[in-house]
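Structure first, then comments.
The values are calculated or read from the model by the stated rules, or taken from the named source; none is laboratory data. Worth saying up front: this structure is predicted, and the values here are computed from it rather than measured. Neighbour counts are summed over all protein chains in view; Cβ atoms, including those assigned to glycine, are modelled from backbone coordinates with ideal geometry. Ligands, DNA and RNA are excluded from the accessible area calculation, which covers all protein heavy atoms including side chains. Shrake-Rupley method; radii C 1.70, N 1.55, O 1.52, S 1.80 Å.
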Amino acid sequence: MSSEAAPPPPPTSAANGISAGPPKTAQKPNYTLKYTLTGHTKAVSSVKFSVDGNWIASSSADKTVKIWSAEDAKIERTITGHKMGISDVAWSHDSKLLVSASDDKTLKIWDFSTGKCLKTLKGHGNYVFCCNFNPQSNLIVSGSFDESVRIWDVRNGKCLKTLPAHSDPVSAVNFNRDGSLIVSSSYDGLCRIWDTASGQCLKTLIDDDNPPVSFVKFSPNGKYILAATLDNTLKLWDYSKGKCLKTYTGHKNSKYCIFANFSVTGGKWIVCGSEDNMVYIWNLQTKEIVQKLEGHTDVVLCTGCHPTKNIIASGSLENDKTIKIWISDY
């Protein structure tokens, strides 16, 4: 047999248009625990895969950001400099920079390759709780317990805009896919959409009752918003119409700001941690729970999904302090 000969197609190959396996919608993920990452000495507050998929950044109440290899889960470096605990960390889209949000009221921009702090962003009047880069990675958005959203210039570290966004702490901030919009969420029960360029509020999403909104992000295509509320509920919104399309329940979330994710590398799932120490995975379309990942020994506060592979990272509070890496075939 010549070396060029193609291997026989696997049984579920759809090469001939006929799949031997169940149809795509019926497939369920089979995430299993691959690695447990230890090193943080307090609660893990955020886990994020780099956009190139090579690294995992984690932030913690222990005041550090740790960088791990996404391939073999080995620790690459520990980044120090904040004076208080860190609530969030985010990657620039070229995977060269990180930004962290801390209870010391500052954000810091870090050079990934050296671990050096390039800029300290000062201006918030209280804990900085959440942060993200825009896709161009020339801007950072942050949200704080001071109830404001700030937009920062990455190059010089200056605050470009302060948005009087909410009437309670801001729990999450996120840019859409082209960076033209920002979504923010707050304990005041509101999700707001902002025009990045002008700083104007374009829309406020409000539900019948308004439980605190603990997390929000745009869908990958930018058409929808995933919002978590502290009544054990996740909702998918069509924000242009201001309509809730899907509701995901079954997990426990009434106390903490728990990250949620769109998983789109295999099946289309919604992934979220839970206060019963598990990671929940829902079918995005049918809203059914397709898997619960057990293994953590405390609240699962944060999850992250690999950009190209079926890999989930999850991080947990202080009775656990670990990050777990889960892998699925689907």
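Brief remarks on what is shown
- Once C-alpha pairs closer than 8 Å and six or more residues apart are averaged by separation and normalised to the residue number of the chain, the relative contact order reads 15 percent.
- Residue with peak Gaussian network fluctuation, the chain [Cα springs, cutoff 10 Å], from K63, K48, K122: K122
- Separation in nanometres of the label points that stand 7 Å from Cα toward Cβ, at T120 and K243: 5.0
- Charged-residue dipole, Cβ positions (Lys, Arg, Asp, Glu), the stretch 207-270 about Cα centre, Debye nearest 20: 260
- Per residue, in Å², the accessible surface of the chain once ligands and nucleic acids are set aside, probe 1.4 Å: 43
- Rounded to the nearest Hz, the phi-derived 3J(HN,Hα) couplings of the stretch 263-277 under the Karplus curve 6.51 cos²θ - 1.76 cosθ + 1.60 (θ = phi - 60°) are 9, 10, 7, x, x, 9, 10, 10, 10, 7, x, 7, 7, 9, 6, where x marks glycine and proline.
- Cα centroid separation - the stretch 26-105 against the stretch 111-175, whole Å: 18
- Long-range HN-HN contacts of K321 with modeled amide H, under 5 Å: V44, S316
- Carbon/sulfur fraction of accessible area - the chain, other protein chains in place, 1.4 Å, %: 50
- Per-residue ³J(HN,Hα) for the stretch 226-239, Karplus 6.51 cos²θ - 1.76 cosθ + 1.60, θ = phi - 60°, Hz, x for Gly and Pro: 9, 10, 9, 10, 7, 10, 6, 9, 10, 10, 9, 10, 8, 6
- Residue pairs, from the table K66/K246; K28/K63; K42/K235; K105/K241; K223/K321; K74/K158, whose Cα atoms sit over 32 Å apart: K66/K246; K28/K63; K105/K241; K223/K321; K74/K158
- Counting only aspartates and glutamates at least 8 places from K34 when in the same chain, those with an alpha carbon closer than 16 Å to its own are E71, D72, E294, D329.
- Gain on full stretching of the segment that runs from D276 to D52 - 0.36 nm per residue minus C-alpha separation: 77.5 nm
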